[in-house]
1. Computed over the Cα atoms, what is the radius of gyration of the protein assembly as shown divided by 2.2 N^0.38 Å, N being its residue count?
2. Run lengths n ≥ 4 of DSSP H only: what is the helix-derived mean residue ellipticity at 222 nm for chain B, with -39500 (n - 2.57) per run over all residues, to the nearest 500?
3. Starting at the first residue of segment B:159-174, write each ³J(HN,Hα) from the Karplus equation 6.51 cos²θ - 1.76 cosθ + 1.60 with θ = phi - 60°, in whole Hz, x for Gly and Pro.
4. Quick one: which residues, 5+ away or cross-chain, put their amide H under 5 Å from the amide H of A:I204? H built at 1.01 Å from N.
5. Rounded to the nearest 0.05, what FRET efficiency is calculated for A:S211 and B:E80 with R0 set to 60 Å and r the Cβ-Cβ distance?
6. Quick one: grab the alpha carbon gyration tensor of segment A:102-230, order the square roots of its eigenvalues as a ≥ b ≥ c, and give me rounded if a/c is under 1.5, else prolate or oblate depending on whether a/b is larger than b/c.
7. Enumerate by residue number the GluC sites (Glu not before Pro) in segment B:155-219 meeting two conditions: DSSP loop (anything except H, G, I, E, B), and at most 12 other Cβ atoms within 10 Å of the site's Cβ.
8. Can you give the convex hull volume of the alpha carbon atoms of chain A per residue, in Å³?
Protein chains: 2
Amino acid sequence: MNILLASTSTLFGGNYLEYLTEEIQTLFQGIEEVLFIPFARPGGISHEAYTATAASFFQNIGIRIRGLHEFESMTQAINETPAYFTGGGNTFLLVKTLHENGLMTTLKQNIESGKPYLGTSAGSNIGGINMKTTNDMPIVYPPSFDTMGLVPFNLNPHYLDPDPTLKHNGETRETRIKEFLTQNDIKVVGLREGNWIRRMGDRITVEGEHSTRIFEQGKEPYEIPSGSVL
Amino acid sequence: MNILLASTSTLFGGNYLEYLTEEIQTLFQGIEEVLFIPFARPGGISHEAYTATAASFFQNIGIRIRGLHEFESMTQAINETPAYFTGGGNTFLLVKTLHENGLMTTLKQNIESGKPYLGTSAGSNIGGINMKTTNDMPIVYPPSFDTMGLVPFNLNPHYLDPDPTLKHNGETRETRIKEFLTQNDIKVVGLREGNWIRRMGDRITVEGEHSTRIFEQGKEPYEIPSGSVL
């Protein structure tokens, strides 16, 4: 497999995908066209406008973008394209749309056969075993929380450390992930913004500017440095 | 109906339910025993310990607490008790447990017949039409997101205003609720900590120390003062 799962598409003060340019060029080496999956975007901008945003980054590196929503047979489009990018938004909406159109398994099989995959935020969540560690609001009811399992763990994108100054009684991210572990024996990778997961063949590493926080059942959460094998 | 749906159980620096003491005494006037529903709590503390926490507040105001988990027939316990309190925790776990044990409808019918109900946080979420505006992590998969609909809108407990200093790319609460409105035509009450909803008969008001933010399809979000009729 050849995949990149990023915490976020955009760093504070940066442009869309800019900080990942070199990584994306390596991921998609020799690829002329990438299929963009826009279904996480719940409104504000249309699938067309969202696809255009992605396309305007990719044209700078000589790659054409087609939006999955443009095709009459989405299954055929997934089977025929050489590479994929799923953008962020709402994970519930993305997972519902993929399952209801029978696309989750098709996508998984193509990626497992070696086609490169880029995900950001919600698009990274669906690379995990299930979507039960998303931060998103459950605005729609998906037929299942299962996702592609391209890596043998779950992700928490946009991982945020607790703010000790906050006078607020809502749960911290760490508390939420520990709650997940009371119900599920699945490792969770807390991926801070600026970090990403890279899988090349069987080797899975965590990359980027920060350390990464790992949560496992029966252990205290711990930090691993950039470049660590997962 | 006679219900109180609070944003949070505990204010910063305060004790459990303390700020609601007078309201709770009014709500449960003439009641000697309240059935406590502990199922939102995903771990850390057991159902017994959670029930004991609730009981230690209620004994100060002369009310006995029994935990729903103690009963062989939970349906019978719900039908026979004169009043209810559902505590906070994880809304997915609470809703899954209530649906899987066939208790959501039983509870709803008893409350609609006039028995007083207190909810905090996740316990307030289930008073809305559905749980699609919870802040919680989807750590388990409930058979449905539908809740009791004791009020004709949804709640967002622990409502938090955007922090303009945050250099983080995760969605704000307002963005998430606007995403909900792209998929659902249901009013959302953004309930800041320190605020609660009170229903007495057909009259529904919002109470507490702050104004309340209301979100509706096709309108800009707006604020209503404490005491407003919803």
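1. 1.02
2. Counting only the DSSP helices, I get -7000 deg cm²/dmol.
3. 4, 10, 6, x, 9, x, 8, 6, 9, 10, 9, x, 5, 6, 4, 4
4. A:L230
5. With R0 = 60 Å, the Cβ-Cβ based efficiency is 0.65.
6. Oblate, because a/c is 1.5 or more while a/b does not exceed b/c.
7. Listed in order of number, the matching sites are B:E209.
8. 132 Å³
The numbers here are math on the coordinates, done by the rules we state, and not lab data. Please read all numbers here as calculations on a predicted model, not as lab measurements. When we count neighbours, we look across all protein chains shown, and the Cβ atoms used for this are built from the backbone with ideal geometry, even at glycine.
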